[in-house]
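Sharing a structure, written as structure tokens. Questions coming.
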Amino acid sequence: MCKSTAKLTGKVVVITGANTGIGKETAKELARRGARVILACRDMAKAETAAGEIRTNTGNQQVVVKKLDLADTKSIREFAENLLKEEKELHILINNAGVMICPYSKTADGFEMQLGVNHLGHFLLTFLLIDRLKQSAPARIVVVSSRAHHAGKIRFHDLQGEKSYNRLLAYCHSKLANILFTRELARRLQGTGVTVNALHPGTVTTELVRHSYIAAFLWKIFSIFLKTPYEGAQTSVYCAVAEELESVSGKYFSDCMPAYVSSRGRNDETAQKLWQVSCEVLGIQWD
């Protein structure tokens, strides 16, 4: 559990995929601490319902909803453009949204869905918001990854899974990409007052497994042993508010403690190459 009692009055927070599960519980906790919380979601109806619940539960009326589809770079750019017009500060960005074990499909821009949403979508979003985060420093970026990154590998020869595709391994690959992104971004942000850390939320009863009947069935059977979304959100909250992490960057946490990163997740050469390739496929220059 996150033991920090830090208040966030006057702080602005963006959380992707905050209409359900871990994201919603994270939003609720940060709203309870006084932040202005922006729920960045694809499903606006669900997001409005979630925002209403959070406002009622916390008494914080500064909980707003903005449209964001991480599977469409046009939507990501529109979201960022509108946010930068309306919000003069941004103190916390939580890259929480994700898809898991879905059948092979592509985003609007032709990216393999899991890599496209979990890594490339958040990569572009962070790129578009990074200057506002620097201007608002001290600021934090929180990346929700997974212990599944241990089984991941960055397959540069088949990054989009067009030659071979395994839905579970594709998820693991995307979570490793999250770890490598965090590592390289932390290196590039040294001295800016902006930190970035990744985390494993635990095995949580959420809607993430909706694309796999087998996984959903097993989730239901073993749900008594799984974390609730509230429990799963604790490490996200910890990375966002804990005083002792004020100058900590490029690390990986689980259960509100430092956790072990796979050898592939500690490979700086792979991290730098993935950064370069990500910029190329997204058509951006991020030096």
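Net charge around GLU89, counting only other residues with Cβ within less than 14 Å of its Cβ (Lys, Arg = +1; Asp, Glu = -1)? Walk me through the intermediate numbers first.
Details: positive: LYS11, ARG36, LYS85, LYS88, ARG132, LYS134, ARG140; negative: GLU86, GLU87, ASP131.
Cβ neighbours under 14 Å give a net charge of +4.
Would you grab the residues whose amide H sits under 5 Å from the one on VAL65? Only those 5+ places off in sequence or on another chain, please, with H modelled 1.01 Å from N.
It is LEU39, by chain and number.
While we're looking at this one, here's another question. Which of the residue pairs LYS106/LYS273; LYS11/LYS251; LYS7/LYS273; LYS11/LYS66 have a Cα-Cα distance greater than 28 Å in the structure shown?
Result: LYS7/LYS273 exceed 28 Å.
Report the antiparallel proportion of the DSSP beta bridges in region 12-282 as a percent, rounded to a multiple of 5.
10
Karplus couplings for region 62-72 from phi (6.51 cos²θ - 1.76 cosθ + 1.60, θ = phi - 60°), rounded to Hz, Gly and Pro as x?
Per-residue couplings from phi come out as 8, 10, 10, 10, 9, 6, 8, 10, 6, 8, 8 Hz.
While we're looking at this one, here's another question. Need one number: nm distance between label points at GLN272 and TRP286, each 7 Å from Cα along Cα→Cβ, rounded to one decimal.
Simple spin-label model gives 1.7 nm for this pair.
Using alpha carbon centroids, what distance separates region 140-160 and region 242-279, in Å?
Their Cα centres are 11 Å away from one another.
Less than 12 Å Cβ to Cβ from GLN276, Lys/Arg counted +1 and Asp/Glu -1: what total charge do the surrounding residues give?
In short, -3.
Now for a different question. Along Cα→Cβ, 7 Å out, is where each label goes; now give me the distance between the ones at SER263 and GLU78 in nm to one decimal.
4.6
Now, a different point. In sequence order, what are the phi-derived ³J(HN,Hα) couplings for region 249-261 according to the Karplus relation 6.51 cos²θ - 1.76 cosθ + 1.60 with θ = phi - 60°, rounded to whole Hz, with x for glycine and proline?
Residue by residue, region 249-261 yields 8, x, 9, 9, 10, 8, 6, 6, 9, x, 10, 7, 9 Hz.
Going by amide H atoms built from the backbone, whose H comes under 5 Å of the H on LEU90, apart from near neighbours?
When sequence neighbours closer than 5 places are left aside, the close amide H contacts are SER136.
Between LYS134 and GLU246, what length in nm is gained on full extension when 0.36 nm per residue of separation is reduced by their alpha carbon distance? Don't skip to the end; give the middle numbers.
Details: separation 112, 0.36 × 112 = 40.32 nm, distance 1.44 nm.
So the extension gain works out to 38.9 nm.
Given 0.36 nm per residue, what is the gain on full extension from GLN62 to SER4 after removing their alpha carbon distance, in nm? Don't skip to the answer; put the middle values down first.
Values: separation 58, 0.36 × 58 = 20.88 nm, distance 2.16 nm.
Residue separation times 0.36 nm, minus the Cα-Cα distance, leaves 18.7 nm.
Going toward the positive end of the dipole of region 1-90, with +1 on Lys and Arg Cβ and -1 on Asp and Glu Cβ, which of SER75, GLY17, THR58 do you reach last?
THR58
Could you put CYS279, CYS239 in order, starting from the residue whose Cβ has the fewest other Cβ atoms within 10 Å? Kindly include the intermediate steps, with their values, before the conclusion.
On the way: CYS279 16, CYS239 28.
In order of increasing Cβ crowding within 10 Å: CYS279, CYS239.
Non-local amide H neighbours of ALA259 (under 5 Å, H modeled in plane, Pro and chain starts lacking H): which ones?
Amide H to amide H, under 5 Å and 5 or more residues apart or across chains, ALA259 pairs with TYR252, PHE253, SER254.
Neighbour counts of other C-beta atoms within 10 Å: give me LEU129, LEU84, LEU124, LEU176 arranged from fewest to most.
Listed from fewest to most nearby Cβ atoms, that is LEU84, LEU129, LEU124, LEU176.
What order do you get for VAL64, VAL241 when you list them from fewest to most C-beta neighbours inside 10 Å?
Working: VAL64 16, VAL241 23.
Ranking VAL64, VAL241 by Cβ neighbours within 10 Å, fewest first, gives VAL64, VAL241.
To continue, here is another question. Assuming a ≥ b ≥ c are the square roots of the Cα gyration tensor eigenvalues, decide whether region 12-282 counts as rounded (a/c under 1.5), prolate (otherwise, with a/b larger than b/c) or oblate.
Rounded.
Can you find, among GLY265, GLY34, LEU120, the residue farthest towards the positive end of the dipole of region 12-282? Put +1 on the C-beta of Lys and Arg, -1 on that of Asp and Glu.
Sorting the options by dipole projection puts first GLY265.
Starting with the highest mean, order 69-75, 89-95, 13-19 by the number of other Cβ atoms within 10 Å, averaged over the residues of each peptide.
So the order, starting with the most tightly packed, is 13-19, 89-95, 69-75.
Further question: About the Cα centre of the chain, how large is the charge dipole given +1 on each Lys and Arg Cβ and -1 on each Asp and Glu Cβ? Please answer in debye to the nearest 20.
360
Throughout, read-outs are computed from the coordinates displayed, never taken from laboratory work. Being a predicted model, the structure only gives us computed values, none of them experimental. No Cβ is skipped: glycine too gets one built from the backbone with ideal geometry, and neighbour counts run over all protein chains shown.
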